[in-house]
Amino acid sequence: MLRQQTTSRKAFLLYGTLLVLPTLIFGVLYWRELQKDFQRQSEAVPQRAQDGADRIVNRMQERLTNLVVGESRRSFYQYAEVISPEDALGDDLALQPSPLVKAPMPSGILGWFSVLHIQGSESRVQTFVGSDVPERERALQALEPVVADFLKRADKLESLSEIAGAYFQDEVTPVPLTALVVNLVAGVGGEPSSVKEVGDALRGHVQGLRISDFRLQFYLDRGEPRAIASRRIMLSDGPALLGLPADAPCLRPLIDLLSVQQGFVLDVAWLFRSLPFELAAQLLDQDEELRVPPAGLPFDSVGSIYAEIYPVTALGFDTYYPGDQNYGRLEVQAFTERMDERNARQARGFLATGFMLLLTLGTGMTLLYRSVRRELDQAHRMQNFVAAVTHELRTPISTIRLHAEMLMDGWVDDAKHDEYYRRIVRETHRLSTLVERVLEKSRLKENVTRPVVGDLNEHVAALRDDLQPPESEPQDLAFQLEPKLPHVWLTAEGVGMIVSNLVENARKYAPARDEPILVRTRWAGGSVLLEVLDRGPGVPAAEREKIFEAFYRVGSEQTRTTTGTGLGLHLVRLHAETCHAQASVEEREGGGSVFRVAFRPAD
Ligand code: ADP
């Protein structure tokens, strides 16, 4: 039996350590890992925004470079209304419209310009737009002040060394002299066809030119943003006039030429606005957005994570004034809501699963605990019962046998015969009580007796004499019966059994000292109460319910001194139930117990 209890406890502990503990540890570890993962994700957000911004800048750069590289491939003499193409053969001077005005405008360019700086005369500005521009005249006129303003600034702000030195490449580009002269004549407002006079002489000659790279400049012209790419062109070393009629008027501009400035005006709205937004649509992730920073708000009040783009500096524009560098600032905003929501969902999912798992394990644990407890209790009760019955049976049987044998063998004086017979009868009585009780239990369980309406006081008073102790012993019983109690449901046998059992227990477990055992009836809380009060040790709170169970005895059989089987109070409860009443025990004020049966009034 003992081994069985230890086994049950072990199973319970094993369940705890093998199932619950690893689950808890695993849960905590996983939760921490999850939190770390969330942290890593949110730490990566600024980098994500920065990556998005970098991608946009790189593609903008690529588009601008393509545009500038395309333009720098254009021959210098194409900056004119008419040109003399390099590959024209034949005697006559071939003139044709320049590709600048013949072809549609490349996107991103508003127009081209060319400025000739000629010794002794004013610089002449020419502007050109492509064939697809509506209202060409208006467009050309609009370009002129822009270029004029640009030239003024360039004159003022570019140092000579910039113009002469670092700005230029060492490389010398050979250009057919015919093409150059046609360009210059047209550039100063002359008639290109006048070049025909010296056309034959020019044929086959080349002129070396130094052509600078395009330089990108950005500035605000009275608040208007301007982005301009320009290059300078100079003769490599004096005009190559050997063997030419130097006095021909059409060669004059070549002889007096100081330098040429050429370039194009970029479409700021396209470059700094439509292009980045067009690229953002292709390059940014779902959770990122390109936007113009909200004006007037301090950065940190925007609340989400962003990376800034300064297109002017990022695209390599030179600026004249430091403030211009901030023009067109954009930011890539990375939204964290979706990520936060996803993470929160994941965390909730985990917690819910964890909770369900714990609930399942907890329920399992509780059920196991209960069943183990029940098993242990049962085992304990059986153990007690077996010990008690063994004792209860053995004692009277051996007494009867001993006395009977002594009588049979004639070892007893005649004077003691009566007493020996009485002992045998008493022990037989004890035995039959035991058997009766066991039988009574099963009979009461079947619930065959029906209660009747009756006066409780009457029944209790009728028992008074039977309950008195033998004359040899002192009076230990007092009665207190409240008069005029309502009639209740009862069985005569039940009341008798209840009172005698409770009084017997009080005598056994709480021997009367100064105060007698009190049997009383009273009306309280809508019931008629039958109570037996003693001044004994009382029943511990944890045992108050259990002592009414079959075969339950407080403590262990091994250490007990009182006799009994643990059936008395169980029978009290069964009888009470037959009468529709409830049996209970309470602590008595001032020490001791109150055993109470609450009867239901009949009406
Ligand atoms: P039994 O008397 O045969 O052991 P009972 O069912 O009558 O069985 O009682 C169950 C247990 O309740 C007893 O073992 C005893 O410990 C406790 N008990 C009963 N009556 C009293 C009492 N008046 N005071 C203290 N303990 C009591």
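The values are calculated or read from the model by the stated rules, or taken from the named source; none is laboratory data. Since the model is a prediction, treat every value here as computed from it, not as a measurement. Neighbour counts run over all protein chains shown; Cβ positions are idealised from the backbone, glycine included. The accessibility values were calculated without ligands, DNA or RNA, using every heavy atom of the protein model including side chains. Shrake-Rupley method; radii C 1.70, N 1.55, O 1.52, S 1.80 Å.
The stretch between Leu140 and Arg422, if pulled fully straight at 0.36 nm per residue, gains 87.0 nm over its current Cα-Cα span. Rg and Dmax of the range 1-152, both derived from C-alpha coordinates alone, stand at 38.4, 130 Å. Applying the Kirkwood pairwise sum to the alpha-carbon positions of the range 266-375 produces a hydrodynamic radius of 18.7 angstrom. Each principal axis of the Cα cloud of the range 448-603 was taken in turn, and the coordinate range along them, longest first, works out to 48, 33, 28 Å.
Ranked by the mean number of other Cβ atoms within 10 Å per residue, highest first, peptides 575-582, 464-471 order as 575-582, 464-471. Averaging 1/r across all pairs of distinct Cα atoms in the chain and inverting the result yields a Kirkwood radius of 36.5 Å. Annotation: peptides 541-547, 595-601, 325-331, ranked by per-residue average of other Cβ atoms within 10 Å with the highest first, follow the order 595-601, 325-331, 541-547.
For the range 1-76, the calculated P(r) over all alpha carbon pairs, in 10 Å bins from 0 to the bin holding the longest distance, is 15, 16, 14, 13, 11, 10, 8, 6, 4, 3, 1, 0 percent. Normalised by the number of residues in the chain, the mean separation of alpha-carbon contacts (under 8 Å, six or more apart) gives a relative contact order of 12 percent. Across the range 412-428, coupling constants 3J(HN,Hα) worked out from phi with the 6.51/-1.76/1.60 Karplus curve, θ = phi - 60°, read 10, 5, 4, 4, 8, 3, 4, 4, 5, 4, 4, 4, 4, 5, 4, 5, 4 Hz, and Gly and Pro carry x. The angle separating the long axis of helix 2-15 from the principal Cα axis of greatest extent in the chain is about 20 degrees.
Rounded to the nearest 20 debye, the dipole size of the range 74-266 about its Cα centre is 500 debye, using +1 on the Cβ of Lys and Arg and -1 on the Cβ of Asp and Glu. Between Glu224 and Ser274, the contour length at 0.36 nm per residue exceeds the Cα-Cα span by 16.3 nm. Compute the helix-to-body angle for 456-467: its Cα long axis versus the longest principal axis of the chain, expressed 0 to 90° and rounded to tens. The answer is roughly 60 degrees. Alpha carbon centre of the range 441-485 versus the range 494-550: separation in Å? Here the two parts' Cα centres lie 12 Å apart. Counting only alpha carbon atoms, the long axis of helix 21-72 and the longest principal axis of the chain meet at about 10°. If R0 is taken as 41 Å, the Cβ-Cβ distance between Ala387 and Leu34 corresponds to a FRET efficiency of 0.10. The mean accessible area for residues of the chain, using a 1.4 Å probe and ignoring ligands and nucleic acids, is 55 Å² per residue.
When the accessible area of the chain is split by element with a 1.4 Å probe, what percent falls to carbon and sulfur? That share works out to 55 percent. Protection proxy ranking of 514-524, 356-366, 247-257, by the mean of other Cβ atoms within 10 Å over each peptide's residues and highest first, is 247-257, 514-524, 356-366.
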